[in-house]
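Working notes, structure below.
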Amino acid sequence: MSLRFYNTLTQQLEVFTPQHGNTVRMYTCGPTVYHYVHIGNLRTFTFQDTLRRWLRHRGYQLDHVMNITDVEDKIIRAAMEQGKAIGDYTAVYEQAFLEDMDTLRLQRPERLVRATEHIPEMVEAIRTLAQKGFTYDSDGSVYYRIAAFPQYGKLSHIALEGNRAGARVDVDEYEKDDARDFVLWKARRGEEPFWDSALGAGRPGWHIECSVMSMKYLGETLDIHTGGIDLTFPHHENEIAQSEAITGKPFVRYWLHAEHLMVESQKMSKSLGNFYTLRDLLAQGYQPEVIRYLLASVPYRKKLNFTFDGLRASQTALERLRNYQLRLDTTRFAEGVSDSILEATRKAKESFEASLDEDLNTAEALGAIFELIRVTNTSMDSGEFKTGNVEPARQLLALFDSIFDVLRPTVQAGALSDSEVDALIAERTAAKKSRNFKRADEIRNLLADQGVILEDTKDGVRWKRK
Ligand code: AMP
Ligand code: ZN
């Protein structure tokens with residue numbers, strides 16, 4: 001097997017190997033915690049989850065860092081409007097983000113790090129850049145002079161001819177046709193929060209935080225850096241300019257960018273107002289696994305057009321997968337084994353793995369699973385599928401779910417409390433004693449729907465939540 005990823009830097013599919021043995025050093029630009037994240041953001045984070053899981057399946061260990069941007073223009077504006085300290089303002093959204101990650105079953109990176117907890121390191125990095133001649137000061141702020149870094153533009157492949165020497169920006173985000181000197185340290189302004197430092201009173205720009213936090217935890221050259229495609233320019237271009245100017249070494253070996261989630265051919269974004277949060281969709285009754293399935297099912301380098309029809313189609317696909325699992329688990333097949341089904345299962349596994357090895361082609365990987373389901377359903381109908389075919393089919397489904405993680409239903413909040421479960425079990429025991437098996441089964445099914453699994457033992461009934 002070889003794993004290949006499309007590298008934005010070289011614009012090619014490349015075989016992936018980590019730099020240090022078996023461990024992959026990976027950095028992800030995390031959320032700016034000024035609002036709930038929307039499902040566009042979550043598409044990018046779901047891609048990172050698939051990437052994490054696939055790398056682990058392929059035997060790699062991960063050292064994965066994700067930052068939380070908790071100081072930035074939009075945060076400051078919003079916190080000041082509400083008369084709150086930025087830490088109080090962002091804490092709510094940081095917590096909400098972690099909850100959303102859990103709801104969507106996104107694995108936590110090994111380290112989650114906050115920008116505001118790395119200000120001294122950022123100041124140090126800016127001072128190093130100054131000593132090396134990459135910066136200039138203006139009105140107490142410090143800017144990066146992109147003309148001092150001739151490779152500027154190599155990631156986003158922009159031509160810099162139109163760049164007016166010395167033109168600069170103070171804002172954290174700006175457009176692609178606007179390659180300019182960008183701010184590293186912003187001088188204190190009005191009532192805005194600030195830090196005292198060797199650079200004067202002020203606060204860091206957005207771009208420096210990722211260079212500093214990624215290199216602090218992962219070393220000067222990272223294996224993988226990910227983010228949404230919109231971060232390629234200016235953010236990641238600026239990260240390269242900063243990091244490589246400091247170390248003189250390549251900053252990142254593989255740049256992986258996720259394409260956008262779109263709504264009616266526009267990028268889903270907070271500023272356009274065309275967004276849904278995860279919470280919006282849950283409130284409309286969609287299960288988290290259905291949303292996760294939708295976000296993961298389109299390969300990450302393709303745009304994903306969000307529609308409610310698409311969401312419903314994901315629901316149908318997921319039902320198909322679950323029905324298949326149920327059929328495998330509950331049917332009494334004839335003894336024996338069908339070699340052709342064994343072969344079809346082996347081929348499906350091979351194709352599933354090859355698809356994910358090839359730049360995480362999730363659509364093709366799912367195609368392999370659904371094709372096997374089609375074939376095996378037919379063979380179950382005809383009686384060809386035998387007991388000896390169950391275990392390989394189960395194993396493939398388990399492999400599928402170790403990456404897609406959608407088969408297990410989420411137990412809804414507000415589900416039965418422990419004492420309610422105990423009371424229902426007592427009622428079921430009584431029903432069985434009085435030979436009211438219908439009621440006993442009803443209760444078992446009701447509990448199963450709530451994700452409670454019963455186990456009848458000689459010492460009574462034990463139960464657990466799924
Ligand atoms: P932000 O909180 O705006 O910094 O965004 C967090 C992550 O979501 C970044 O990696 C963005 O590139 C990504 N992102 C923002 N909008 C979308 C979208 N519509 N589709 C996919 N990813 C997005
Ligand atoms: Zn970043």
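The values are calculated or read from the model by the stated rules, or taken from the named source; none is laboratory data. The shown structure was predicted, so the numbers you read here are calculated from the model rather than taken from an experiment. For neighbour counting, all protein chains shown are included, and Cβ atoms are generated from backbone atoms with ideal geometry for every residue, glycine included. Side chains are part of the model used for accessible areas, which takes the heavy atoms of the whole protein and leaves out ligands, DNA and RNA. Shrake-Rupley method; radii C 1.70, N 1.55, O 1.52, S 1.80 Å.
Rounding to the nearest 10 and keeping the result within 0 to 90°, find how far the Cα-based axis of helix 362-382 lies from the longest principal axis of the chain. Roughly 0 degrees between the two axes. Considering helices alone, the calculated mean residue ellipticity of the chain at 222 nm is -14500 deg cm²/dmol, with DSSP H runs of length four and up weighted by -39500 (n - 2.57) and normalised per residue.
The distance between label points at residue 316 and residue 132 comes to 5.5 nm (points 7 Å beyond Cα on the Cα→Cβ vector). Surface calculation, 1.4 Å probe, protein heavy atoms: residue 300 sits at approximately 10 Å² accessible.
Counting heavy atoms of the protein chains only and a 1.4 Å probe, report the per residue accessible area for the stretch 212-368 as a whole number of Å². Each step should come with its number before you reach the end.
Details: 6470 Å² over 157 residues.
I get 41 Å² per residue for the stretch 212-368.
Computed from label points 7 Å out along Cα-Cβ, the spacing between residue 347 and residue 17 is 3.3 nm. Extension gain for residue 157 to residue 331 (0.36 nm times residue separation, less C-alpha to C-alpha distance): 57.0 nm. Ordering 1, 215, 268 by accessible surface, largest first, gives 1, 215, 268; the 1.4 Å probe counts only protein heavy atoms, with every chain in place.
Once the Cβ-Cβ distance between residue 98 and residue 422 is put in as r, and R0 is 22 Å, what FRET efficiency do you end up with, to the nearest 0.05? Before the final figure, lay out the partial values.
Details: r = 31 Å, r/R0 = 1.40.
Step by step, r from the Cβ atoms, then E = 0.10.
Taking the longest Cα principal axis of the chain as reference, the axis of helix 418-433 is set at about 10 degrees.
For labels at residue 461 and residue 434 in the simple 7 Å Cα→Cβ model, what's the distance in nm? For the pair residue 461/residue 434, the computed spacing is 1.5 nm. Ordered by solvent-accessible area of protein heavy atoms (1.4 Å probe), largest first, the residues 53, 439 come out as 439, 53.
Set the Förster distance to 25 Å, then compute FRET efficiency between residue 220 and residue 117 from the Cβ-Cβ distance, nearest 0.05. Walk me through the intermediate numbers first.
Values: r = 21 Å, r/R0 = 0.84.
According to the calculation, E is roughly 0.75.
The residues of the stretch 379-466 have, on average, 59 Å² of accessible surface per residue, using a 1.4 Å probe with all protein chains present.
When the accessible area of the stretch 278-404 is computed with all protein chains present and a 1.4 Å probe, what percentage of it is carbon and sulfur? Provide the component values of the computation, followed by the final result.
Working: 2990 of 5900 Å².
Within the stretch 278-404, the accessible surface is 51 percent carbon and sulfur.
What a 1.4 Å probe finds exposed on the stretch 4-258 is 45% carbon and sulfur by accessible area, rounded to a whole percent. Taking a Cβ cut-off of under 9 Å around residue 6, the surrounding Lys, Arg, Asp and Glu residues balance to a net charge of 0, with basic ones at +1 and acidic ones at -1. Summing Lys and Arg as +1 and Asp and Glu as -1 over all other residues whose Cβ lies under 13 Å from the Cβ of residue 350 gives a net charge of -3.
Across the accessible surface of the stretch 418-465, with the other protein chains kept in place and a 1.4 Å probe, carbon and sulfur atoms take up 50 percent.
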